[in-house]
Amino acid sequence: ALQGCVLAKKAAGRSFPCLSVDLGDGARPGTAVLRAPRQPTHTVVMPTDNVSGIEAPVLQGPHGAAYWRAALEARHFVSDALQGRLPVAAVGLEVNSVGGRSQDQLHIHLDCMHRGVMAALKAHGAAIGESWTPFPVPLDEEQYLALRVPAEAVERFNPFAALARVPGWNGTLHDASFAAVAADPDDPQAGMIVLAYRMPEASAEELMDHDCRAVHPHRGG
């Protein structure tokens, strides 16, 4: 699907079957936004270049920040699919580890976050500062590290470079996974919260709710 979108964009200036395609230029790499099959809100941002995933060295530089920005800008596709019932800021971003992903191509997943995760961020947000610190409670039975990105720094943030600076990880990211979402609107420190952990087959995607039950309460627990 990705290559078809890129060809259609180059040949006819249209993005279908992707939601959007940015071919990039000298200043930024190309990206495409796709809807996950049979999942009306689950959206994926991918490079048009061949980038293996979270462990790719190229992500440590400007490309990593560019892909992050592209994902931030694509959050509205999730909100739009829910007719605005979920604010853009409440849309989460997520990247899986080597063992936790289905193919060797960088995917940034966008979708609703689980209600319990958002409640935990609301309850414990005050404990999260601008250096990596253990999140006070387990999330999906895993111990995460948390980092706050100040509002004024969000646009230029590079999550891949930030992961490489986690104390004790020694820049080894193939087993790492992270999710990020804007801080609770009532959080005086604002900005975005990044949650990361590392283990074989790590998948912070478990913090996402692809059924968006916070917006569709009738879909059960």
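The values are calculated or read from the model by the stated rules, or taken from the named source; none is laboratory data. Given the structure is predicted, the values throughout are model-derived calculations rather than measurements. All Cβ positions, glycine included, derive from the backbone under ideal geometry; neighbour counts span all protein chains shown. Each accessible area value is taken on the protein alone, full model and side chains, heavy atoms only, with ligands, DNA and RNA left out. Shrake-Rupley method; radii C 1.70, N 1.55, O 1.52, S 1.80 Å.
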So if I check each of TRP68, TRP132, which one is open to solvent by 40 Å² or more (accessible area, probe 1.4 Å), touching a Pro at 6+ places or on another chain (Cβ under 9 Å) and of a type outside the set (Gly, Ala, Ser)?
TRP132
Could you name every one of the strands (runs of 3 or more DSSP E) located completely within the stretch 125-216 that has at least 3 residues being closer than 18 Å to GLY53 by Cα?
176-182, 192-198
Pairs returned, first residue in the stretch 178-200 that is under 17 Å from VAL117 (Cβ atoms), second residue that is part of a strand (DSSP E or B) and among the aromatic types (Phe, Trp, Tyr), beta-carbon separation under 6 angstrom, 6 or more apart or interchain, are VAL194/PHE178; ALA196/PHE178
Failed item, numbered, when PRO37 is tested on (1) in contact (Cβ under 8 Å) with a residue 12 or more places away in the chain; (2) open to solvent by 20 Å² or more (accessible area, probe 1.4 Å):
(1)
Just the residues that are more than 19 Å from LEU207 (Cα to Cα) and of a type in the set (Asp, Glu), please, taken from the stretch 139-180.
GLU152, GLU155
Step by step: first the residues of the stretch 48-91, then only those that are touching a helix residue (DSSP H, G or I) at 6+ places or on another chain (Cβ under 7 Å) and not in a helix (DSSP H, G or I), then the one that is nearest to PHE160 (Cα to Cα). Which residue is that?
ILE54
Checking the structure you have, find out if any residue of the stretch 140-158 is touching an Asp or Glu at 6+ places or on another chain (Cβ under 7 Å), among the acidic types (Asp, Glu), in contact (Cβ under 8 Å) with a residue 40 or more places away in the chain and closer than 15 Å to VAL117 by Cα.
yes
Within the stretch 151-164, which residues are over 20 Å from HIS109 (Cβ atoms) and surrounded by 13 or more Cβ atoms within 10 Å (Cβ to Cβ)?
ALA151, ALA164
Is it the case, given these coordinates, that ALA12 is aliphatic (A, V, I, L, M) and buried (at least 20 other Cβ atoms within 10 Å of the Cβ)?
no
Given the conditions (1) open to solvent by 30 Å² or more (accessible area, probe 1.4 Å); (2) in contact with an Asp or Glu (Cβ under 9 Å, 6 or more places away or on another chain), which single one is not true for PRO29?
(1)
Looking only at residues that are β-branched (Val, Ile, Thr) and under 30 Å from ASP49 (Cβ atoms) in the stretch 71-120, which one is surrounded by the fewest Cβ atoms within 10 Å (Cβ to Cβ)?
VAL88
Filter the stretch 15-26 down to residues that are in a strand (DSSP E or B) and open to solvent by 80 Å² or more (accessible area, probe 1.4 Å), then give me how many there are.
1
